[in-house]
Amino acid sequence: MIELRMGNIPEIPLLWSLRTRAVRQLCASHYSPEQIEVWSESPPPESYLRLFATHCALVAEENGQPLGYGILDRQTGELIALFVEPAQAGRGIGKRLMEGLEAMAADEHFPQLYLYSSLNAADFYRAMGFVAVRDEAYEHPSGITLRSLYMERTMPGDSVH
C-alpha cells in the first residue's frame with residue numbers, strides 16, 4: 001500500500017536522484033537532449049533545506065521504498081516539485097501526492113495553488129484541476145531556459161477562511 005509521510009533533510013540526495021531519473025526518462029519526450037543533460041545534472045537547490053525543514057515535502061512510499069515526492073511551499077502556495085519514480089508511473093502515485101499537497105494547502109488556507117509545469121506533466125496537472133494561464137520561459141537554476149506552463153488551481157471554497 002502506498003503511504004505518504006513528511007520528507008526529511010537527510011533523504012534529499014536520494015529523492016534528488018529519483019527526480020533526476022524522472023527528468024531523464026519522462027521529460028525527454030518534450031525537451032532536447034542538451035536541455036535534459038543540463039537539467040538532470042543540476043544539484044538540489046538550496047531552498048530544499050528550508051522546504052524540508054519546514055515540513056513542505058511529502059514522500060510517497062511502499063514497503064519503505066520512496067516512489068515519489070512533492071513539495072508545496074507553505075509560505076507562497078507554489079507547488080515546487082512533484083516527481084514519481086519512472087518505473088512506477090501510472091500507479092496513481094502522483095495523484096496521491098497531489099491529494100496530500102492539497103491537504104497541506106487547505107491547512108494553510110491558500111485560496112489557490114500555482115506551479116510551473118514541464119510540458120510533459122501539463123496533462124497530469126490539468127487532470128488535477130489546474131488551468132494553464134500562460135506559456136512561460138522558465139529560467140532553471142542550472143542556467144538553461146525551459147519552456148513551461150504557468151498553471152493555477154482554485155482551492156475548494158470550504159478550505160479557505
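The values are calculated or read from the model by the stated rules, or taken from the named source; none is laboratory data. Given the structure is predicted, the values throughout are model-derived calculations rather than measurements. A quick note on method: Cβ atoms are made from the backbone with ideal geometry, for glycine too, and the neighbour counts reach across all protein chains shown.
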Can you find, within the range 43-70, the residue that is surrounded by the fewest Cβ atoms within 10 Å (Cβ to Cβ) among those that are in contact (Cβ under 8 Å) with a residue 60 or more places away in the chain and assigned to a strand (DSSP E or B)? E62
In the range 76-107, the residues that are touching a helix residue (DSSP H, G or I) at 6+ places or on another chain (Cβ under 9 Å) and either part of a loop (DSSP other than H, G, I, E, B) or within 19 Å of I9 (Cα to Cα) (or both): G77, L79, I80, A81, L82, F83, V84, E85, A89
Only one residue in M98, M104, M128 is of a type in the set (A, V, I, L, M, F, W, C), within 12 Å of the chain's Cα centre (by Cα) and surrounded by 14 or more Cβ atoms within 10 Å (Cβ to Cβ). Which one? M98
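Residue by residue, here is whether (1) under 15 Å from the mean Cα position of the chain (by Cα); (2) within 17 Å of Y116 (Cα to Cα); (3) hydroxyl-bearing (S, T, Y) holds:
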site	(1), (2), (3)
E11	no, no, no
L18	yes, no, no
S47	yes, yes, yes
Q65	no, no, no
V84	yes, yes, no
Listed residues L146, L79, L115; which is under 24 Å from Y31 (Cα atoms), modelled with pLDDT under 95 and in contact with a Phe, Trp or Tyr (Cβ under 8 Å, 6 or more places away or on another chain)? L146
Only one of these is crowded, with 17+ Cβ neighbours inside 10 Å and free of Cβ contacts under 8 Å to residues at least 24 places away in the same chain: S32, S40, S17. Name it. S40
Just to verify a result, which residue in the range 149-161, among those that are outside any strand (DSSP E or B) and either of a type in the set (S, T, N, Q) or surrounded by fewer than 13 Cβ atoms within 10 Å (Cβ to Cβ) (or both), is modelled with the highest pLDDT? P156
I'm trying to understand the selection: among the residues of the range 108-153, which are among the polar types (S, T, N, Q), touching a residue at least 40 places away in the same chain (Cβ under 8 Å) and over 24 Å from H55 (Cβ atoms)? S118, N120, S142
